[in-house]
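Enquirer: The structure is given below, and queries will be raised subsequently.
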Amino acid sequence: MTFAYLFARFPSLTQTFCFREVEEMSRQMGAMPIWSLRYPDDFSEDCPVELAARTRYLPDRDQLKQMFCSTRAMLGDFPLSVIWQVKRWGEKKGKYRLYEAAWLGRELKEQGITHVHTHFAGIGARTAWWMSKFYGISYSFTGHANDMFCSNDDPLLLQDLVDQSSFVVTVSDFSREWLLIQCPDSSAKIHRIYNGMESRCLPASGAKTLPPKIVSVGRLITKKGFQYLVEACALLRDSGLDFHCEIIGNGPLEDDLRYQIQQLRLDDCVELAGALPWQEVNSRLNASSVFVLPCVSDDGGGMDNLPTVILEAMNAALPVVSTRLAAVPEMVDEGITGFLVDECDASALADAVGHILKMPDCGQAIGRAGKDYAEKKFSVVQTVSSLMSLIKQSL
């Protein structure tokens, strides 16, 4: 095996799509090495044990810093060309990417690894960029959302990462078109491959709860638009509908959302459930009547692209209500698998959700159509096969 995966943090609770991809890639291609730059703060218990056991981690930042504290410390352990680059870079931002690349590249060369694939145009991709400079190990990466859409002050720009890569994957047509505008000279190596979904059987019928449940899942941050869901719930309550809304996840806006819920007197019908293991999330999806994700773009240009949680809801045969943001229309077929509304429009959101709650048979039919649609378009077997073909061309 001359190919390895590289992650910034693995396995992470918020990146179930990563270990789903690695698991299927291992099935199709054979067990490849998995490297993680850091141990995740949100270690996912849902990750298959075999993948977690196969993951190797770099020394921590203090250990790396000590290794590269002086030329004398590096002599004999690293090529002179690498030592020169590290010393030349000095204390500039991103120095740890050089340390990681120097250490990990040496390990990968000894293992015979010639190509790495990483997720996100972030620290993993930047470490891979330096490994390509130091050791000639080629790389590719999958860009997702804010890792591409939002600018930062790192010396290595998105353009640099794309230029040096063997290929780049984006997870939607929307983000591919966006990246083509940013990097027109690299159009031939920018590909769209959706995040894959592993189809699963539904529980026996009759599992839905009463009153009907509205469910949403995501970090409690601006771009998820949860404040508009809470506002929509107030409108639904005032219209006389009986329901329970559960928002699963945690994040910096938790206090603000709790205050909003209290101010609107929704404590008896809107619940912030906190972060839950993915198995429990699936159980709650199965017990719900409609999935809602009112995502919006934030002031810094951040936004969701292809929210994986919408795929999970479709896999659970739930009708989906979301917004016409980014690649969401590539997932939700308007009127067939769900409903889309404009961003920041709580009234329209309430109307769409209310329509489903008032017509449960219609909602179930939409949910079944969504599951069929997702299985055909987002099968992890198909998406990983497409990625594997690109990787093999780079070996």
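The values are calculated or read from the model by the stated rules, or taken from the named source; none is laboratory data. Since we're looking at a predicted model, the values are computed, not measured. Positions of Cβ are generated from backbone atoms using ideal geometry, with glycine treated the same way; all protein chains shown enter the neighbour counts. These area figures cover heavy atoms from the full protein model, side chains too; ligands, DNA and RNA do not enter into them. Shrake-Rupley method; radii C 1.70, N 1.55, O 1.52, S 1.80 Å.
Enquirer: Considering the zone a paramagnetic label at Trp278 would reach in this model (a point 7 Å from Cα along the Cα-to-Cβ line), which residues of the range 217-247 have amide N under 19 Å from it?
Expert: 217-220
Enquirer: Quick one: check the C-alpha center-to-center distance for the range 1-55 versus the range 364-393, whole angstrom.
Expert: Each part reduced to its Cα centre gives a spacing of 20 Å.
Enquirer: I've got another one for you. For the pair Asp62 and Glu50, how long in nm is the line joining their label points, each one 7 Å along Cα→Cβ?
Expert: Roughly 3.7 nm, to one decimal.
Enquirer: For the range 1-154, give the percent of accessible area contributed by carbon and sulfur heavy atoms, probe 1.4 Å, rounded to a whole number.
Expert: Accessible surface attributable to carbon and sulfur in the range 1-154 totals 50 percent.
Enquirer: On to the next question. Share of antiparallel DSSP beta bridges in the chain, in percent to the nearest 5?
Expert: About 5 percent, rounded to the nearest 5.
Enquirer: Okay, moving on. Among the aspartates and glutamates, which fall within straight-line cross-link reach of Lys376, defined as a Cα-Cα distance under 16 Å, with same-chain neighbours fewer than 8 residues apart omitted?
Expert: Within the straight-line limit of under 16 Å, Lys376 reaches these aspartates and glutamates: Glu198, Glu312, Glu330, Asp333.
Enquirer: Taking a quarter of the surface of the convex hull around the Cα atoms of the range 70-118, what do you get in nm²?
Expert: Over all viewing directions, the range 70-118 projects a mean Cα-hull area of 3.9 nm².
Enquirer: For Ser81 and Asp173, what does the FRET efficiency come to when R0 = 45 Å and r is the distance between their Cβ atoms, rounded to the nearest 0.05?
Expert: Rounded to the nearest 0.05, the efficiency is 0.65.
Enquirer: Given the range 1-129, what percent of its DSSP beta bridges are antiparallel, to the nearest 5?
Expert: That works out to approximately 10 percent antiparallel.
Enquirer: Indicate the helices, whole DSSP H runs only, in the chain that combine a mean Kyte-Doolittle hydropathy of 0.5 or more with a Cα extent along their long axis of 20 angstrom or more.
Expert: 380-394
Enquirer: So which of Lys224/Lys358; Lys87/Lys109; Lys65/Lys189 end up more than 27 Å apart, counting from Cα to Cα?
Expert: Lys65/Lys189
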